[in-house]
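A short worksheet on the structure shown next.
None of the figures in this text is laboratory data; all of them are computed from the coordinates on show. Predicted model, so just to flag it, every value in this text is computed and none were measured. Cβ atoms come from the backbone with ideal geometry, glycine included; neighbour counts cover every protein chain shown.
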Amino acid sequence: MIMVVKWDGRREPFQRGKIVKTLMRIGASRSVAEEIARRIEDEAYDGISTREILEAAFKHLSQYEPTVSLRRDLKSALGALRPKPDFEEYVRILLRGMGHGVEGNRILRGRCATHEVDGIIHMGGETLYLEVKHHSNSHTYTPFEVALAAKAKWDDLIEGYRMGLNPYRIDGVLIATNTKLTMHARRYADCVGIKYLGWNTPESGGIDQLIEETGHYPITMLRSLSEGELESLSAGGILTLKQLLSAQLPPSIPSSRASRLRGEARKILELAEG
């Protein structure tokens, strides 16, 4: 039996179905995904890492469906965004795309302390403060302590408003993250009335589903994007593929390279829209 070494060192049996699912999630047809999975299974050896499997999958995919191979999977793309300020601003862009009124970062006084919030959201007649948590490792769950701290901050901001120390009557909290929340965190949040938005969480629509519905895919979906290009684009406020197509790119990116990036972004968006 071929055993695969996962990101955290654990070992599990090789599962061809996981490769098929990953490739189909980024737009490959089932027939192509199954053929690539069979090829990787033939090439795999005991102790192969999940990273090696992914690299092989994209290498083979470029031979079958070049357009699909241009893109990184969404979960990895979200993890590749810089936590501050990029992911925070990306979440605000996504929420605006859903039709909510969104203000930027604020420093607000509570009764007992001064707090930084990652945004103010006007949603369904309520005013929420935004608490953003980003994990570079997409396997890292957002813990219970985040929800506990968010409730304490919320309570203090309510008291600060009553005392006239800040102008916002905060009705609730939205925790937004690129990964899942632990079961303990979700149960506590549900109990105290905290809203949350994470990967495939809540069931009514996680961050992945909302991205697909609004089409606000992050620029890190581009597999060819370098770290330097990411920094230049994000410094200019360009964090989504849609913005990449419409905004003026920074002069640090040559026109020929800008044209290539836009062409790849256009192909990815066309693929996503079906």
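Quick look at the values:
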read-out	value
Axial C-alpha extent at least 30 Å, average Kyte-Doolittle at least -1.0 - helices from the chain (DSSP)	none
With 10 Å bins from 0: P(r) over region 3-69, alpha-carbon pairs, percent	23, 55, 21, 1
Choice from D156, D208, D73 with maximal GNM fluctuation in the chain (Cα, 10 Å cutoff)	D156
Extension gain from L165 to E231, taking 0.36 nm per residue of separation minus the Cα-Cα distance	20.1 nm
Helix-only CD estimate at 222 nm, as mean residue ellipticity for the chain, using -39500 (n - 2.57) per DSSP H run (n ≥ 4)	-14500 deg cm²/dmol
Euclidean distance of C-alpha centroids, region 120-139 and region 39-65, integer Å	36
Rule-of-thumb Rg ratio for region 129-260 [Cα; 2.2 N^0.38 Å; N residues]	1.31
Radius of gyration and maximum dimension Dmax of region 72-192, Cα, Å	14.6, 49
Hydrodynamic radius of region 83-137 per Kirkwood, over alpha carbon pairs, in Å	11.9
Percentage relative contact order, the chain, counting C-alpha pairs under 8 Å, at least six apart	15
Where N is the number of residues in region 149-217, Cα Rg divided by 2.2 N^0.38 Å	1.31
Computed over the chain, the ratio Rg/Rh where both radii use C-alpha atoms and Rh is Kirkwood	1.02
Compactness relative to 2.2 N^0.38 Å, alpha carbon Rg of region 25-140	1.54
Region 217-273, Cα convex hull volume normalised per residue, Å³	68
Per-pair calculated FRET efficiency, R0 = 22 Å: T114 and L148 via Cβ, rounded to 0.05	0.70
